[in-house]
Every structure is written in C-alpha cells, then in structure tokens.
1. Scanning region 97-117 for residues that are of a type outside the set (A, V, I, L, M, F, W, C) and touching a Phe, Trp or Tyr at 6+ places or on another chain (Cβ under 9 Å), which turns out surrounded by the most Cβ atoms within 10 Å (Cβ to Cβ)?
2. Any residue in region 84-109 that is more than 18 Å from HIS144 (Cβ to Cβ) sitting within a Cβ distance under 9 Å of a residue that is open to solvent by 60 Å² or more (accessible area, probe 1.4 Å) and outside any loop (DSSP other than H, G, I, E, B)? List the pairs, counting only those 6 or more apart or interchain.
3. Condition first: at pLDDT 95 or above, among the small types (Gly, Ala, Ser) and assigned to a strand (DSSP E or B). Can you find one or more residues in region 275-289 that meet it?
4. Can you tell me which residue is modelled with the lowest pLDDT among those in region 325-358 that are outside any helix (DSSP H, G or I) and surrounded by fewer than 13 Cβ atoms within 10 Å (Cβ to Cβ)?
5. Do we have any residue at all in region 302-321 that's of a type outside the set (D, E, K, R), loosely packed, with under 13 Cβ neighbours inside 10 Å and over 30 Å from VAL222 (Cα atoms)?
6. Going through region 121-137 one residue at a time, which ones are touching a residue at least 12 places away in the same chain (Cβ under 8 Å) and open to solvent by 40 Å² or more (accessible area, probe 1.4 Å)?
7. Any residue at all in region 146-158 that's touching a Gly at 6+ places or on another chain (Cβ under 8 Å) and either open to solvent by 10 Å² or more (accessible area, probe 1.4 Å) or touching a residue at least 60 places away in the same chain (Cβ under 8 Å) (or both)?
8. Could you give me the residue pairs with C-beta distances under 9 Å whose first residue belongs to region 12-27 and is within 15 Å of GLN61 (Cα to Cα), whose second residue is among the charged types (D, E, K, R) wherever it lies, and which are 6+ apart or on separate chains?
Amino acid sequence: MLREALQNTLRERMASPRTLESSLAIAALYDSLHTLKGCERLLEYPMAEWSEVFQPIVREQIENRKREREIAMQLVSITAIDDEISRAVRAQYEENPYPRWATVARPNIDTIEKLSSGLRPLEEVRIRARPVQMLIAGCGTGLHSIQIARTYPDAKILAVDLSLASLAYAARMTERLGISNITYRQADILKLGNLDLHFAVVECCGVLHHLDDPMAGWRILVDLLESDGLMKIALYSEKARSPVRAAREFAKSLDFPLTPEGIRYCRHAIIGLPDDHPAKEVMTFRDFFTLDEFRDLILHVQEHQFTLPRIADCLDQLGLQFLGVECARATRDRFREMFPNSNADTNLDSWHQFEETYPDTFKAMYTFWCCRK
C-alpha cells in the first residue's frame, strides 16, 4: 500500500526529498499529506530542495497544517460546548473543515452607515463610534469574516465557531492576508447569551439550520443586537434543496464509514444512479465534487430546511422586520419584472411567489437582512 510504504520511508531521513515526490504526489490526490505518520520529517528540508511544481503541495498540505495546529493550541474558548447536536456538528467540522479556500475577492470598502441607509432608506442613520462592533456567528474557515473585515476596515469583528480546526484555518488565512480587525474565539451560539456585549451588526450565514433548535440560537443573536442594529441571516431553502434531501435519504441506505474512502464510495454510488433518480440532480451543486464540501452537503449530522412563509413566522416571533434578500443582479431584475411595485423587495410574500415560479432561485440559501421592529 502506497501510504504504508511512504510512512515506512519517513522513519529515516533521506538524502534528497525529491526521490519521494512522485509517490507523495499520488498520495496527495487522495488525502492530505499531513495525515501521513512522520510527515513532519518532510519539513526538515529547505523548501528549495523540492521541485518548483511540488513546493505548493508541501506548503499547503504539510506546512500550513502544522501552522494551523499551532494556532489551534492558542485559541481561546469563551463558552462551554455541551449540547449534544453542537458536539456532533463540532466533530464533523474538526474532521472536515468547510470550506477549504485559497483566494478571496477584494470587496469595495464600505461603512455601516451606508449599509444602514441602503437597507432602511426612510430612517435616520446614527453615526456610530469607531470601531463598530460586529459579530460573525459561525465563521467556519474564515472566508466570510475576512470579506467583512475588508469591507468594513473600521469594524471590530468577533468571529466565533464550534470547530478549532475551522477557526485555525480562518486565523491562518487572516494572518497570511495581514488582517488585524478580527478576533477568533471558539464558542457555541447557544451559550453566547452570557456575553456582555451588543453588536451593530450580527451575521449568521449557513449556521442556524445546523442547530437542534434554530429558533433558540436565533433568539440569542437577537438579544445581542443593538436596538438599531442590523442582522444578516442565511438559511437553506426547502424547495431548492429537494435533490439534497433525496441524496441524504439515498446515502442513509448505504453502509459506509465517514472516511475519505467511504465518502468517495457514497459519491460514486450517486454518480451511478439512473438519470431520472431524484438524488441525481444533487450533482448540479458545486459542493458535490470535493470531500469536505460533499460531507457538508449530503452527510451533515444536522440539517433543517426552511420556506419563506416559515421565515416570516420566525421573524414575527422574534420581533424582527424583513429588510430584503441578497441575490444576483439578474435575479433581482427578474423579480422586479414580476413585481414592479417598489415595496415588493421587502415583501416576503412576493419573494415566496417568485420562488414558486423559479424554484432554483435560492439554491445556495435564503440570504436576507432584518432588524428589530
């Protein structure tokens, strides 16, 4: 077996690491090299001793993972994590941080005041003291928090997550990009009520639907929001994710371990389904094609899906006002053709009718803004 042979070789120092490059390249296709026993020996060689084309693999799969382990040991936990589902979700993302990313677009610099005036054009906007306090509840591997930090450089961002592996990835990328206005902490949203802080902006995207009780976590976030603050939420659409539900049901019928080999087996089984099988359409989701993303998409330990009428009910229960969705320009243009009324953008009934007509609209998620009534 290739991995076993490599691990045996790594027990002793080699004259030149290049003798292993071909074997390591093959191993790297199937699992990260940092999972090899003895991989730390590969860092004993100067980077220049590796071929130019292999250096990025050493850097990404060994050097960066080592740095993440160092960061994880230094991260601070600010809440307990004792909820059963929270523990299960944490375990999943310790094994499969989501998403692993390498580049991030540089957004235009903005201010909270401009954001507020755009979302609430008829209301007076308060000029806030700097730095503006923002919370990213469930930051994962940091892609979202870094985008926000670059968009609002005068903000002070607290970014929390259950998973140390995800937080370490986020902190390493934040370090690499030279961003200084994010503080990462390990925390469970369900325990954030003990924070003696309030935030001008709270963003929780793709997270609440993985809680045992999404409303319990959402209520806590509302309590952390300033009276005139803004909240951004993203939740899965029941209508758009029907292929995902079918794939999840199909996956349950298979007997496979949650290992890289097991996940690949599940993916290949879906690929081999007849074209008219309801689960086959899940292949149109981008996350289908990489291991960490596939597990998040189809094999997640906990997932709720929403409809817009249900979201309207949730907002009502929480005393929140819907301010509009975030979507592509082409989607908004089509929506305004269907609903030329200028108030339709902030009407959930209109968006529900639109989704009934175009059921793939929210294939990623419902992403929307709200505030206290």
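1. Let us first name the residues in region 97-117 that are of a type outside the set (A, V, I, L, M, F, W, C), namely 97-100, 103, 106-108, 110-111, 113-114, 116-117.
Checking which are touching a Phe, Trp or Tyr at 6+ places or on another chain (Cβ under 9 Å) leaves us with 97, 100, 110-111.
Working: PRO97: 23, ARG100: 17, ASP110: 16, THR111: 18.
Result: PRO97.
2. Once the first residue is more than 18 Å from HIS144 (Cβ to Cβ) and sits in region 84-109, its partners that are open to solvent by 60 Å² or more (accessible area, probe 1.4 Å) and outside any loop (DSSP other than H, G, I, E, B) give SER86/LYS191.
3. Checking region 275-289: not a single residue is at pLDDT 95 or above, among the small types (Gly, Ala, Ser) and assigned to a strand (DSSP E or B).
4. Of all residues in region 325-358, those outside any helix (DSSP H, G or I) come to 325-328, 339-343, 347, 358.
Of the ones still in play, those that are also surrounded by fewer than 13 Cβ atoms within 10 Å (Cβ to Cβ) are 328, 340-343.
Numbers: ALA328: 95, PRO340: 92, ASN341: 83, SER342: 78, ASN343: 88.
Ranking the qualifying residues of region 325-358, first place goes to SER342.
5. Start the filter on region 302-321 by keeping residues that are of a type outside the set (D, E, K, R), which leaves 302, 304-309, 311-312, 314-315, 317-321.
Now restrict to residues that are loosely packed, with under 13 Cβ neighbours inside 10 Å: 309, 317, 319.
Those left that are additionally over 30 Å from VAL222 (Cα atoms): none.
Scanning region 302-321 turns up no residue that is of a type outside the set (D, E, K, R), loosely packed, with under 13 Cβ neighbours inside 10 Å and over 30 Å from VAL222 (Cα atoms).
6. Within region 121-137, the first condition is being touching a residue at least 12 places away in the same chain (Cβ under 8 Å), and the residues that meet it are 125-128, 130-137.
Result: VAL125, ARG126, ILE127, ARG130, PRO131, GLN133.
7. Taking region 146-158 and keeping what is touching a Gly at 6+ places or on another chain (Cβ under 8 Å), we get none.
No, because not a single residue in region 146-158 is touching a Gly at 6+ places or on another chain (Cβ under 8 Å) and either open to solvent by 10 Å² or more (accessible area, probe 1.4 Å) or touching a residue at least 60 places away in the same chain (Cβ under 8 Å) (or both).
8. Correct list of pairs: ALA27/ARG3.
The values are calculated or read from the model by the stated rules, or taken from the named source; none is laboratory data. It should be emphasised that the depicted structure is a prediction, and the values quoted were computed from it without experimental measurement. Neighbour counts run over all protein chains shown; Cβ positions are idealised from the backbone, glycine included. Each accessible area value is taken on the protein alone, full model and side chains, heavy atoms only, with ligands, DNA and RNA left out. Shrake-Rupley method; radii C 1.70, N 1.55, O 1.52, S 1.80 Å.
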